[in-house]
Each structure stands twice: as structure tokens, then as C-alpha cells.
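The values are calculated or read from the model by the stated rules, or taken from the named source; none is laboratory data. Note that the structure is predicted; figures quoted are calculated from it, not measured. Cβ atoms come from the backbone with ideal geometry, glycine included; neighbour counts cover every protein chain shown. Each accessible area value is taken on the protein alone, full model and side chains, heavy atoms only, with ligands, DNA and RNA left out. Shrake-Rupley method; radii C 1.70, N 1.55, O 1.52, S 1.80 Å.
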Amino acid sequence: MTEGEDFIENKPTLGGEAKNDSMLPDFIIELPDNQVILGECKLSLKPYEEYLNTDNENDKAHAEASLLNIIKTNIDYLSSERLKKIYEDEYGPFYTIYLFFPDHQALSLAYSIDPGLKRFSEFAKGYGRITFVTPINLGVTLSIKKSLLDVQARTVFADSRLVELEKRIQ
């Protein structure tokens with residue numbers, strides 16, 4: 001994928017603020033038919049690192065709770081009506097949010113703590129508009145999304161050809 005052609009990155013400036021509005025996603029991937037994938041990479045894995053670096057069960061439990069709290073806070077933020085309105089005004093109604101986990105094992109730990117989070121991992125579907133992705137499944141997820149769009153485009157083309165044929169027959 002080529003920046004500027006296949007996606008746009010909302011890079012931070014030297015002051016740490018994003019070049020554009022801070023409500024904008026970290027990455028914007030434009031797809032056919034006005035569909036958009038909004039990539040969010042703001043998920044902190046500090047609690048996961050704390051989990052890995054301790055043998056104390058109380059500290060592990062605290063780190064697990066903190067990790068879930070961060071994930072759920074991100075989900076709440078990305079699902080908020082305020083952000084939904086901003087995204088729909090900016091990108092239209094056909095967007096999906098990919099919440100990026102930089103470490104797939106952190107996501108696995110989160111699933112083991114709260115299996116209900118798995119509803120966000122369904123390829124090309126997600127829960128609502130949010131799908132969890134990792135470095136391992138991002139490419140696969142994008143390939144599935146592209147395949148679904150290709151099938152959709154072929155179906156629309158076939159439907160238009162069918163209408164043309166029906167007109168000729170009449």
C-alpha cells in the first residue's frame with residue numbers, strides 16, 4: 001500500500017498533536033463505493049507490558065483489569081455518538097473502524113480475560129463498526145474486505161447486464 005494513494009496517515013507534529021483535527025483517525029483507507037476504513041492506533045499496551053513483567057498475582061490481576069479498561073475506553077470513545085457524527089459527516093455512512101493492537105498476544109490475553117471481546121474480531125464484520133486488527137491479521141482482514149468489495153462490484157455489474165438483457169427480450 002502506498003501512502004497518499006491507498007491510505008492517508010494523520011501524523012503527529014513535533015508537539016505531539018495530529019496535523020489535522022485530533023478527532024480524525026490515525027489512518028484513512030479509501031475503498032470503492034465511498035467505503036472507508038478508519039485505522040485507530042492509539043491503544044496503549046502499558047498494562048500488557050506490566051502483566052508480562054511481574055510474577056505477583058495481584059499485580060497481574062491489576063494489569064489485566066487495566067488492559068480491559070483501556071480497551072473498553074477505546075471502544076466507548078470510538079462508539080460515541082459525538083465521534084459517529086463527526087465520522088459520518090467527514091466520511092459518509094460507509095466506514096469501518098479498525099482498532100489496531102500492535103501485539104497480537106496482548107489481544108489474545110484480552111480475549112482470555114473477557115471472551116465477549118471476540119465479537120470485535122469477526123473478519124470483515126466486526127461489532128457495529130469496530131473490528132480489532134493486529135499485525136498478523138491486518139493483511140488478511142484487508143484482503144477479505146477487498147474480496148467482498150470485488151464480489152459486490154461483480155454482482156452489481158451482473159445485475160446491470162441482466163436488466164439490459166431483460167430490456168432486449170421485451
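What is the percent carbon and sulfur in the accessible area of region 23-79, measuring with a 1.4 Å probe over the protein chains and ignoring ligands?
Of all accessible area on region 23-79, carbon and sulfur atoms account for 48 percent.
Working out 0.36 nm times the residue gap between LEU162 and ASN58, then minus their Cα-Cα distance, what length gain in nm do you get to one decimal?
Stretched fully, the LEU162-ASN58 segment lengthens by 30.9 nm.
What does the extension gain come out to for GLU81 and ASN34, with contour length at 0.36 nm per residue minus their alpha carbon separation?
14.8 nm
Along region 140-151, what does the Karplus equation 6.51 cos²θ - 1.76 cosθ + 1.60 (θ = phi - 60°) give for ³J(HN,Hα), rounded to whole Hz, x for Gly and Pro?
The phi angles translate into 5, 4, 5, 5, 5, 4, 5, 4, 4, 5, 4, 5 Hz.
Through the Karplus equation 6.51 cos²θ - 1.76 cosθ + 1.60, θ set to phi - 60°, convert the phi angles of region 25-32 into ³J(HN,Hα) values in whole Hz; use x for Gly and Pro.
Computed from phi, the couplings for region 25-32 are x, 6, 9, 10, 10, 8, 10, x Hz.
Taking amide H atoms as placed 1.01 Å from N in the peptide plane, list the residues 5 or more away in sequence, or in a different chain, whose amide H sits under 5 Å from that of ILE97.
Amide H to amide H, under 5 Å and 5 or more residues apart or across chains, ILE97 pairs with LEU38, ILE130, THR131.
Tell me, what HN-Hα J-couplings in whole Hz come from the Karplus equation 6.51 cos²θ - 1.76 cosθ + 1.60 at θ = phi - 60° for each residue of region 49-59, using x for Gly and Pro?
Karplus values, whole Hz, x for Gly and Pro: 5, 5, 4, 5, 9, 9, 10, 6, 5, 5, 5.
Peptides 94-100, 56-62: what's the order by average Cβ count within 10 Å, highest mean first?
In descending order of packing, they fall as 94-100, 56-62.
Starting from the Cα of LYS118, step 7 Å along the direction of its Cβ; do the same at ASP89; then give the gap between the two resulting points in nm.
According to this spin-label approximation, the distance is 3.9 nm.
Using a Förster distance of 30 angstrom, determine the FRET efficiency expected from the C-beta separation of ASN69 and SER143, and round it to 0.05.
It comes out at approximately 0.40.
Please give the FRET efficiency for VAL151 paired with LYS42, using the beta carbon to beta carbon distance and R0 = 35 Å, rounded to the nearest 0.05. Before the final figure, lay out the partial values.
Values: r = 32 Å, r/R0 = 0.92.
The calculated FRET efficiency here is 0.60.
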